[in-house]
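First comes the structure, then the notes that go with it.
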Amino acid sequence: MSVLLKKPYFELVSNKELAEQLESRKKSEKKLNTWFSTSNIYYPNKLNIEQTSSEITARYKSEIVSGKSLVDLTGGFGVDSYFFSKRIDHVFHCEINKNLSEIASHNFEVLGADNIEANAESGLDFIRNSERNFDWIYIDPSRRNDIKQRVFLLSDCQPDVIENLDLLFSKTGYILIKTAPLLDISAGINELKHIKEIHIVALNNEVKELLWVLERGFKGEVTIKTVNKTKLDDQSFSFGLDQERKCDSSFSLPLSYLYEPNAAILKSGAFKTIGHSYQLKKLQEHTHLYTSDELIDFPGRRFKIEKVLPYNKKELKRNAIRKANITTRNFPDSVADIRKKFRIKDGGEHYIFFATNLEKKATVIIGSKV
């Protein structure tokens, strides 16, 4: 029976509040293990848990910053502030929602993070009224509008980073901005200024965060750093934007092995640099798959090519494939359409790539995972 339908368990705690605590704690188990495994933690509603950084990405962000002081302008539940406090002497956590600020403050005390100062006010007001400067300012603008719908453009988020960039730089030399994974990188580059680095963070091949490092007065080449964190290892790849523009690709029909870059690299747009760096041939200019005769280490998935077929029903029928993992790259038909057309179920040991090759022909590459 639901907690809400039972008699009150505690005199000073309603069953509604208890149910919210249980639900939020459950959502924290894998995402926020430190909080989940610590006694006396108080949780906000589940939406705040869904919106907060995971421990893995918060720890990654903390490795970007250094110095004596940092302001977290949009502190929320306080996960990022907590991990910043392990690298920064004094962290100022700002949260305009008074209730959420009190929750974060309570948890900081429980977790022993005594170098975090919680402020229940707008982060912009906090720095505007402060007489001091800070080594870093961190901001994670809300990606929901007034009617709780998701938004993805920087100018649609709150607070508006673009509008307040001069204010931020009047108080610090370094700004770290977290944006939605769906934000177009070229759009962000056009809107922001003094970008030094862009970090693309993926967990188990799913992009979770875009992080923008801005340095006051910086005018050099933007460095893009990608990382895909998996249970086995961290796949990292970095390159310069100018490097990608100047780089040339080499092309080939499928050879012995096929390579698919991880999601962070695909998001970064390093389509020429990744092939050049690993001395791989690209299947086609707009087909972001790579091939080689010899197997190499690579930040993504690797496959031994077993067969290469023309795209037609007769050939696929002849090979009697009834179950496979399907991926499309630069291909007119969707995965769903292909499954329906050829009656191929999902899963199994076969991996099939439907792609456009060097000769601009639809091709089918069947392989096994290395």
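The values are calculated or read from the model by the stated rules, or taken from the named source; none is laboratory data. Note that this is a predicted model, so its numbers are computed, not measured. Ideal geometry is used to build each Cβ from the backbone, glycine not excepted, and the neighbour counts take in all protein chains shown.
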Does the range 286-300 contain at least one residue that is free of Cβ contacts under 8 Å to residues at least 60 places away in the same chain, among the charged types (D, E, K, R) and over 30 Å from ASP184 (Cα atoms)?
-> yes
Strands (runs of 3 or more DSSP E) enclosed by the range 296-370 - at least 1 residues per element that are touching a helix residue (DSSP H, G or I) at 6+ places or on another chain (Cβ under 7 Å), at positive phi and not assigned by TED's automatic domain parsing to the domain that holds LYS281 | none
Have a look at THR287, THR356 and point out the one that is modelled with pLDDT of 95 or more, closer than 22 Å to SER250 by Cα, of a type in the set (Val, Ile, Thr) and within 26 Å of the chain's Cα centre (by Cα).
-> THR287
Hey, does the range 251-266 have a residue that's hydroxyl-bearing (Ser, Thr, Tyr) and within 30 Å of SER170 (Cα to Cα)?
-> no
Please tell me if SER85 is in the same structural domain as ASP135 (by TED's automatic domain parsing), within 20 Å of TRP136 (Cα to Cα), touching a strand residue (DSSP E or B) at 6+ places or on another chain (Cβ under 6 Å) and not aliphatic (A, V, I, L, M).
-> yes
Kindly list the number of the only condition in (1) under 26 Å from LYS231 (Cβ atoms); (2) in contact with a Lys or Arg (Cβ under 8 Å, 6 or more places away or on another chain) that fails for PRO299.
-> (2)
Keeping to the range 29-43, report how many residues are touching a Phe, Trp or Tyr at 6+ places or on another chain (Cβ under 6 Å) and either within 18 Å of SER101 (Cα to Cα) or not in a helix (DSSP H, G or I) (or both).
-> 1
Condition met for LEU214 (under 26 Å from ARG302 (Cα atoms), in contact with a strand residue (DSSP E or B) (Cβ under 6 Å, 6 or more places away or on another chain) and either surrounded by fewer than 22 Cβ atoms within 10 Å (Cβ to Cβ) or not hydroxyl-bearing (Ser, Thr, Tyr) (or both)) | no
When the range 269-288 is examined, which residues are found to be assigned to a strand (DSSP E or B) and over 19 Å from ILE326 (Cβ atoms)?
-> LYS281, LYS282
